Amino acid sequence: MFLYEYAVIRLVPQVEREEFINVGIILFSKKEKFIRTKIVLSEKRLELFKCEPDIDQVKSNLRAFELISAGAKEGGPIACEGLPERFRWLTAVRSSIIQTSRPHPGKTHDLEKEVSRLFDEYVL
């Protein structure tokens, strides 16, 4: 059984309105040295909001989440940090257009399947 933490990645087009759509999941297990981010951006769902965010900028910001999570050099200096530091940085409270829920704990027998299960439950 593996212990993990996860957070839901949200797109908040107008921070002052506090409306959001879930666009991804980030899951982290320190003991298993595991971190995964899974993201999908539905432009059709974005049309439901009054404002129209810069889609290219949103995609770039979401891609940064994936790069940092993966530890890719293209993710910048944060991507070079250890797994716990990357997870904490990605899930830190912020008031930008891309936010995460507070981290939540869980247990599973299969971390990869759990990423997909949480993604299906909270994002799709």
Quick one: residue 40 ticks every box in (1) out of contact with any strand residue (DSSP E or B) (no Cβ under 6 Å at 6 or more places or on another chain); (2) over 19 Å from residue 65 (Cβ atoms); (3) touching a residue at least 12 places away in the same chain (Cβ under 8 Å) bar one, so which box is it?
(2)
Turns out the strands (runs of 3 or more DSSP E) fully within the stretch 26-124 with at least 2 residues that are open to solvent by 40 Å² or more (accessible area, probe 1.4 Å) are 34-39, 104-108
Return yes when residue 29 is within 21 Å of residue 12 (Cα to Cα) and small (Gly, Ala, Ser) and no when it is not.
no
Residue tally, condition of a type outside the set (Val, Ile, Thr) and modelled with pLDDT of 95 or more, over the stretch 11-60:
12
Here is a check on your reading of the model: is residue 18 surrounded by fewer than 15 Cβ atoms within 10 Å (Cβ to Cβ) and in contact with a helix residue (DSSP H, G or I) (Cβ under 8 Å, 6 or more places away or on another chain)?
no
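The values are calculated or read from the model by the stated rules, or taken from the named source; none is laboratory data. All values derive from a computational prediction rather than experimental measurement. Cβ coordinates were reconstructed from backbone atoms using ideal geometry, including for glycine residues, and neighbour counts include every protein chain displayed. SASA here: full protein model, heavy atoms, side chains in, ligands and nucleic acids out. Shrake-Rupley method; radii C 1.70, N 1.55, O 1.52, S 1.80 Å.
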